[in-house]
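Peer 1: I have a structure I would like to understand better, so I am pasting it below and will then ask my questions one at a time.
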Amino acid sequence: MPIESVNDFVIRFANVNGSGSASANLLFARSVMRMGVPIAPRNIFPSNIQGLPTWYEVRVTEAGHLGARGGVDMMVAMNPQTWDKDVAAIEPGGYLFYDSSRPVPASKLRADVTVIGMPLTDICNREYSDPRQRQLFKNIIYVGALAALLAIDIAEIEKLIGEQFRGKEKLIAPNHKALHMGFDYATAHFSCPLGIRVRRADLIGDKIFVEGNAAAALGAVYGGATVCAWYPITPSTSLAEAFERYCNRLRIDAATGAKKFGIVQAEDEIAAIGVVVGAGWNGARAFTATSGPGISLMQEFLGLAYFAEIPAVLFDVQRGGPSTGMPTRTQQSDVLLCAYASHGDTKHVLLFPRGPHEAFEFGALAFDLADRLQTPIFVMLDLDTGMNQHLCEPFAWDDSRTLDRGKVMTAEELEAGKDFGRYLDVDGDGVPYRTYPGTHPSRGAYFTRGTSRDRYARYTEEGGPYQDNMERLLRKFETAKRYVPAPVLQKAAKPTRLGVIHYGSTSFAMDEAMALLAAEGVHVDALRVRGFPFSSEVSDFIAAHEQVFVVEQNRDAQLRTLLMVECGVDPAQLVPVLHYDGTPITARFIVRSIAAKAAGVPAPETRKVLS
Amino acid sequence: MTYLAKPKFHHPALETNDLGFTHRDYEGAISTLCAGCGHDSISSAIMRACFELSLPPHRIAKLSGIGCSSKTPTYFLGQSHGFNSVHGRMPSVLTGANLANRDLIYLGVSGDGDSASIGFGQFAHAIRRAVNMTYIVENNGVYGLTKGQFSATSDKGSKSKKGVANPDSPIDLATIALQLGATFVARSFSGDKDQLVPLIKAALEHQGSAFIDCISPCIAFNNHDGSTKSFDYVRAHNAALNALDFLAGRAPITADYAEGTAQPVTLHDGSTIRLRKLAGDYDIHDRVAAIGHIHRLAEAGEIATGLIYLDEDAADMHQRLGTVTTPLNALQGADLVPGAAALEKINAGLR
């Protein structure tokens, strides 16, 4: 039986990288949104510019589930290289749309799916003589056909094309023509609409549709960042580029045209973090955007920044590791790398935003925290968040908010004779005062170094002052618990002894999984961790549940390790749920894993006694 | 090194500069380097240069990497903020500091290990980025703190203290700086204060990347027969291109030598360098010829010293980037945060 589903299905486009499909697919996705129906689109792309397979998936979801669902209800199979796998991926009862210009033997098709063949290449060859036009318009033609097949109002797509080519009006009419060509062909040759279809709704409201990387970059603009130093690396590159784009729009001095920002594309990640450290030391708000391999290279500087107490912000857009790993796939596998970055005893502050709305919010907050705590702050994004466009609440800003520069001693305070010790814990919170270079002619200068020193920044190799300083850094880390965003608790409908801890991009699938689990009679309380160090709310949550699943996207259960170590939790109490094949975690996976492990809610496993 | 702190009081007739400071106001902590170290002479030259230029010490930021040379910023300019960073990474830290506040004077101090080996890349990129700074490499051709290994500037065939000959080709940092587009390139010798002090003064006043390769013998590990960076060897093979007098624009003084032998060069800030040419037709504005000249002298076993190249009209990093004249670290929330109304417009564009 063909799948019947209104406003709840997954369509996947299988294309060849560099064939111009991306903009056509996005046009399709936006048209569903213009129908008032929420979507969750995702790119699955290779580490390649042209020629390799690439997929784009649109989850049409009236219920607003923003995580990946898993499975494909309709495949738009435009890539012969991946045909077999693509056809096999379709759910039973699903739909296959393909270019039938060259006949495909029946053995290559499936009997349990509805097959819709349209001679796209033939139509293009008939209509266009220019090879580039044939390619590009083929994409628009299939969007037109899909509009007919899925009951999308073609007027919405026409409007989107008009908006897209504003200023290049010449391109509008040919695109409209191609769109209608596809629409009319489908209407004439297939029974439209299919069992899966879009029905106009009003569920978008004032939501926005934006990439996590762009949102984080905009957060940096609002956080007052003036210096950005970076080295190109997927999947973080678009963050630095978005910062430049937003700055060119929002940070140009109206009178002179001069820039109120400085961006350096460094020679490597070591230099990038070096520039950030230098700028932070000198009182500018500075950041870098990178991914796991970049964080690996920055280790030495991160120890310096921790020990010399220099504000810095790092956006880590995580990808599959180790080594080059899966550079275009998503993971949450830099958690431990960042938490304990560098040699010696170090601990760092991490923020775990979910989706673009929080990427913006935490992106701005990170700069206040860096100044307040005088230390590196890691904003832990991932490829799924960063490089996909997500539907989210609009960005918000309170104009009464000011930039919190933390404890900076001014020339007036120095002149008045206030005691300045760079590493002196004046307030008991472990956070000392600093001075910007050049503040006062005779007071407040100090020497910054990565070697040990006393409270007045004087070089010393004595054990006492060294230990005193290391303990103050721990006090400062305690203070950080109060500053990082609090975890978000979502209680189950019924009292339960089962808990789930999750973070970042995992949480969209988790939200959906909670509802699915509840429907199966498995009730879980969920805590979404948003910062490290963990506040007492996190350890209290674990203590209040017999079994706590820690759901994350890496092999080694990194957040679970962090919880064990930092909260002193019995490992048996924390059950890992791990998804790390490089695709975004799905609600289906979480439900399956938790249902299997929580069946009957067993008592915590007893350990075998070996002797 | 000495453990005896100098008393703070001084003779009332001690020379003062335009700011009313004596040279004592440019001192730092007591050096912990070996007695007689060439680096200490360079520190003295830096203090002298800053004193003579009447630079306010607190407006100078001194940055370094790791190594003997990188320890020296502690020993001069005690009223300046200093940053002893990561081995080989001073250039990036200085670049960031400069981006944050274009109004300070940046002095980067490094060594041959720090700049020619571990930090060769950062040295290169800071120079090609035209960071406005004075970058001094205290070049002794040896790793001192780790006791006598060859560095990347050790000449091929030169001998270590243990008598082993260096098999590898040396890196000539002055040539590299020229190739990378440095707009002020000089070489000097820690034992030649008369040449070094005016060079540092001119470098400090230069707007752009000013590089000084300063040969600085290591008396502990590289001052023996067979070393090409020993006091005796450098004195014997020094081929000075020019002698230099530096005249600050704000306090012109009369030159004490005949016009005919001098080539005056006016710097961006109005100050003037007077060059007394020693090497015939040497032209400090010809980058290509400068590289050739260094090489020809090197072939003959000579070390070219003096001001090797100068481009006084170059644009620095901030000019290239087009940043505002206000230091970025002085911009306030109102300058930086676009506000809720602008955000609403952005939201509207994302629907």
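Values in this text are rule-based calculations from the coordinates and carry no lab data. Predicted model, so just to flag it, every value in this text is computed and none were measured. Note that we place each Cβ from the backbone using ideal geometry, even for glycine, and neighbour counts take in every protein chain shown.
Peer 1: Which value in Å is the Kirkwood Rh of chain B over different Cα pairs?
Peer 2: 21.1
Peer 1: What is the distance, in nm, between label points placed 7 Å from the Cα along the Cα-to-Cβ direction at A:Y456 and at B:S54?
Peer 2: Each label point is offset 7 Å from its Cα along the Cβ direction, giving 3.2 nm.
Peer 1: To make sure I understand, if each residue's beta carbon is the centre and we count other beta carbons within 10 Å, what order do A:R249, A:R285 fall in, fewest to most?
Peer 2: Fewest-to-most Cβ neighbours within 10 Å comes out as A:R249, A:R285.
Peer 1: Ranked by Cβ crowding within 10 angstrom, fewest neighbours first, how are A:W281, A:W55 ordered?
Peer 2: In increasing order of surrounding Cβ atoms, one gets A:W55, A:W281.
Peer 1: Mind listing which GluC sites (Glu not before Pro) in segment A:1-109 are in a DSSP loop and have 15 or fewer other Cβ atoms within 10 Å?
Peer 2: A:E4
Peer 1: Convert each backbone phi in segment B:11-18 into a coupling constant with the Karplus relation 6.51 cos²θ - 1.76 cosθ + 1.60 (shift: θ = phi - 60°), then list the ³J(HN,Hα) values in order as whole Hz, x for Gly and Pro.
Peer 2: Taking θ as phi minus 60°, the curve returns 4, x, 8, 4, 4, 10, 9, 4 Hz for segment B:11-18.
Peer 1: Over chain B, with a Gaussian network built from C-alpha contacts below 10 Å, which listed residue (B:L77, B:L275, B:L173) shows the highest mean-square fluctuation?
Peer 2: Of B:L77, B:L275, B:L173, the most mobile in the Gaussian network model is B:L275.
Peer 1: Now a separate question. On average, how many beta carbons from a partner chain sit within 10 Å of the beta carbon of a residue in B:74-83?
Peer 2: Mean inter-chain Cβ contacts per residue within 10 Å come to 5.
Peer 1: With Cβ to Cβ distances under 14 Å as the rule, what net charge do the other residues near A:K259 carry (K, R +1; D, E -1)?
Peer 2: Charge balance in the 14 Å sphere: +3.
Peer 1: Could I ask something else about it? Hey, what did chain B get for relative contact order, percent, Cα under 8 Å, at least 6 apart?
Peer 2: 15
Peer 1: Beta carbons within 10 angstrom, averaged per residue: use that to sort the peptides A:549-562, A:146-159, B:91-104, highest first.
Peer 2: For the peptides A:549-562, A:146-159, B:91-104, the packing ranking is B:91-104, A:549-562, A:146-159.
Peer 1: Give me the distance in nm between label points sitting 7 Å out from Cα along the Cα-to-Cβ direction at A:A254 and B:E302, one decimal.
Peer 2: The two pseudo-label positions are separated by 6.2 nm.
Peer 1: Next question, about the same structure. Against the longest alpha carbon principal axis of chain A, how many degrees, from 0 to 90 and to the nearest 10, is the axis of helix A:506-519 turned?
Peer 2: 60
Peer 1: Let me ask something else about it. Roughly how crowded by other chains is peptide B:50-59, in terms of the mean Cβ count from those chains within 10 Å of each of its Cβ atoms?
Peer 2: What the average comes to for B:50-59 is 2.
Peer 1: Under 5 Å between amide hydrogens, which residues at least 5 positions from A:D382 or on another chain qualify, with H placed 1.01 Å from N in the peptide plane?
Peer 2: Placed amide hydrogens put A:Q318 under 5 Å from A:D382.
Peer 1: Give the lysines reachable from A:K476 as a straight Cα distance under 20 Å; neighbours fewer than 8 places away on the same chain don't count.
Peer 2: A:K347, A:K407
Peer 1: For helix A:587-597, report the angle its Cα long axis makes with the longest principal axis of the Cα atoms of chain A; keep it between 0 and 90° and round to the nearest 10°.
Peer 2: 70
Peer 1: Another one. Need the full-extension length gain, A:D404 to A:L474, defined as separation in residues times 0.36 nm minus the C-alpha distance. One decimal, nm.
Peer 2: So the extension gain works out to 23.0 nm.
Peer 1: Taking H placed 1.01 Å from N in the peptide plane, check which residues at least 5 places from A:I377 or on another chain put their amide H under 5 Å from its amide H.
Peer 2: Under 5 Å from the amide H of A:I377 lie the amide H atoms of A:A312, A:V313, A:L314, each far enough along the sequence or on another chain.
Peer 1: At R0 = 45 Å, how high is the FRET efficiency between A:R132 and A:L203 if r is their beta carbon distance? Nearest 0.05 is fine.
Peer 2: Efficiency, rounded to the nearest 0.05: 0.75.
Peer 1: Once amide H atoms are placed 1.01 Å from N in the peptide plane, what residues at a sequence separation of 5 or more from A:I196, or on another chain, have their amide H within under 5 Å of its amide H?
Peer 2: The list, which skips near neighbours in sequence, is A:S5.
Peer 1: Using the count of nearby Cβ atoms within 10 Å as a rough guide to exposure, how do A:M74, B:M317, A:M514, A:M564 rank from fewest to most?
Peer 2: Ascending number of Cβ neighbours within 10 Å: A:M564, B:M317, A:M514, A:M74.
Peer 1: Just grab the label-to-label distance for B:D313 and A:E62, each label 7 Å out from Cα along the Cβ direction, in nm (one decimal).
Peer 2: Simple spin-label model gives 7.2 nm for this pair.
Peer 1: When ranked by the protection proxy of mean other Cβ atoms within 10 Å per residue, highest first, what sequence do the peptides B:240-247, B:8-15, B:296-303 form?
Peer 2: Result, highest mean Cβ count within 10 Å first: B:240-247, B:296-303, B:8-15.
Peer 1: What are the ³J(HN,Hα) couplings of segment B:286-294, residue after residue, when phi is run through the Karplus curve with 6.51, -1.76, 1.60 and θ = phi - 60°? Round to Hz, x for glycine and proline.
Peer 2: 10, 4, 5, 5, 4, 4, x, 4, 4
Peer 1: What FRET efficiency do you get for A:A411 and A:Q467 if R0 is 30 Å and r is their Cβ-Cβ distance, rounded to the nearest 0.05?
Peer 2: In this case the efficiency is close to 0.35.
Peer 1: Related question: Rounded to the nearest 0.05, what FRET efficiency do A:I49 and A:A572 have when you use their Cβ-Cβ distance and R0 = 60 Å?
Peer 2: About 0.80, to the nearest 0.05.
Peer 1: Sticking with this structure for a sec: Filter the GluC sites (Glu not before Pro) in segment A:465-551 down to the DSSP loop ones having no more than 16 other Cβ atoms within 10 Å, then list what survives.
Peer 2: A:E520, A:E546
Peer 1: Would you mind calculating the gained length between A:D345 and A:A106 on full extension (0.36 nm times residue separation, minus the Cα-Cα distance), in nm to one decimal?
Peer 2: Taking A:D345 through A:A106 to full extension adds about 79.6 nm, to one decimal.
Peer 1: When 1/r is averaged over all different Cα pairs and the result inverted, which Kirkwood radius in Å belongs to the protein assembly as shown?
Peer 2: So the Kirkwood estimate lands at 31.3 Å.
Peer 1: Also, I was wondering about something else. Using θ = phi - 60° and the Karplus relation 6.51 cos²θ - 1.76 cosθ + 1.60, list the HN-Hα couplings for segment A:546-554 in order, rounded to whole Hz, with x at every Gly or Pro.
Peer 2: For segment A:546-554, the Karplus curve yields 6, 10, 10, 7, 10, 9, 7, 10, 7 Hz.
Peer 1: Follow-up question, since we're still on this one. On each of the three principal axes of the Cα atoms of segment A:210-392, give max minus min coordinate, whole Å, ordered largest first.
Peer 2: 48, 38, 29
Peer 1: Give, in nm to one decimal, the length gained when the segment between B:H285 and B:H224 is fully stretched (0.36 nm per residue of separation minus the Cα-Cα distance).
Peer 2: Extra length available between B:H285 and B:H224 comes to 18.3 nm.
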